[in-house]
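Below you'll find the structure, written out as structure tokens, and then a few comments.
The values are calculated or read from the model by the stated rules, or taken from the named source; none is laboratory data. What you see is a predicted model; the values in this text were computed from it and never measured. Here Cβ is always computed from backbone atoms with ideal geometry, including for glycine, and neighbour counts include all displayed protein chains.
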């Protein structure tokens, strides 16, 4: 059995319909729609598929907290894999079978991310080193300086070419293909202290302690990413608050685990290119 969760917040009906069609719920493929909107989704409530469960929170409880509802349900239901999905995704249903086939053959893999494209076909650079404060500050506020451009290319692991399977310690949370046994065994959930932003960085590095977190470019998805924190001051404040929580938790200048995990992936990429 496989399951997935999508967190809704005033999500457009057309968008939700597209991602549900992509996931293709059915026997053995359960879907949890977890709604943080101020009002119930009339579209979600009209869905009659017995493999879709709609849960209305009657409050915006945050991204990670809402997805934890789906993760707990996946563990309780005995799912083998669970996918955390953004509502702004489109993909072919068959890619899930491809991901499961690879994960079945590689039991040390605990997370997988496909190649992610913008709607115009351009690649999204979502493989990353674990961030330092400088990475996030220069990336957000001084993106075009010479040093920032060079550092950002290193941070996004551009030297990998994004054309091979690699094992970074930090990947995007837009599509998180997870091995449920790892979640169960280590009691792994999103840290509910984050409301929005950086909860995927936090979750990913904890997953990386227990197995491989794989970028798998053999299949691709389309992500209509809006980058709201670049356009909305409220979202920017949330992003900064979450970054402060992240660095308070793991370390600002001194973070041994960050140093070790980053050295490991950079060393692996160097060996692959030599």
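Brief remarks follow.
- Filter result for the condition that a residue is touching a helix residue (DSSP H, G or I) at 6+ places or on another chain (Cβ under 8 Å) and over 12 Å from residue 129 (Cα atoms), over 181, 185, 199: 199
- Of all residues making up the stretch 138-154, the number that are part of a helix (DSSP H, G or I) and closer than 23 Å to residue 237 by Cβ: 6
- Residue 253 being under 15 Å from residue 135 (Cβ atoms), over 16 Å from the mean Cα position of the chain (by Cα) and at pLDDT below 95: yes
- Any hit, the stretch 233-241, residues being closer than 19 Å to residue 159 by Cβ and either in a loop (DSSP other than H, G, I, E, B) or out of contact with any helix residue (DSSP H, G or I) (no Cβ under 9 Å at 6 or more places or on another chain) (or both): no
- Positions within the stretch 1-16 being touching a strand residue (DSSP E or B) at 6+ places or on another chain (Cβ under 8 Å), surrounded by fewer than 18 Cβ atoms within 10 Å (Cβ to Cβ) and in a helix (DSSP H, G or I), in sequence order: none
- Scanning the stretch 17-50 for residues that are at pLDDT below 95, more than 19 Å from residue 61 (Cα to Cα), in contact with a helix residue (DSSP H, G or I) (Cβ under 9 Å, 6 or more places away or on another chain) and part of a helix (DSSP H, G or I) turns up 42, 43.
- Among the conditions (1) under 22 Å from residue 222 (Cα atoms); (2) crowded, with 19+ Cβ neighbours inside 10 Å; (3) touching a residue at least 40 places away in the same chain (Cβ under 8 Å), the only one that residue 22 does not satisfy is (2).
- Entry remark, the stretch 166-181: residues being touching a residue at least 60 places away in the same chain (Cβ under 8 Å) and either under 24 Å from residue 36 (Cβ atoms) or surrounded by fewer than 18 Cβ atoms within 10 Å (Cβ to Cβ) (or both) number 9 in total.
- Among residues of the stretch 95-114 that are surrounded by 12 or more Cβ atoms within 10 Å (Cβ to Cβ), those with a Cβ under 8 angstrom from a residue that is at pLDDT below 95, sequence gap 6+ or separate chain, pair up as 113/172.
- In the stretch 30-51, the residue that is farthest from the chain's Cα centre (by Cα) out of those that are farther than 25 Å from residue 191 by Cα and buried (at least 18 other Cβ atoms within 10 Å of the Cβ) is 47.
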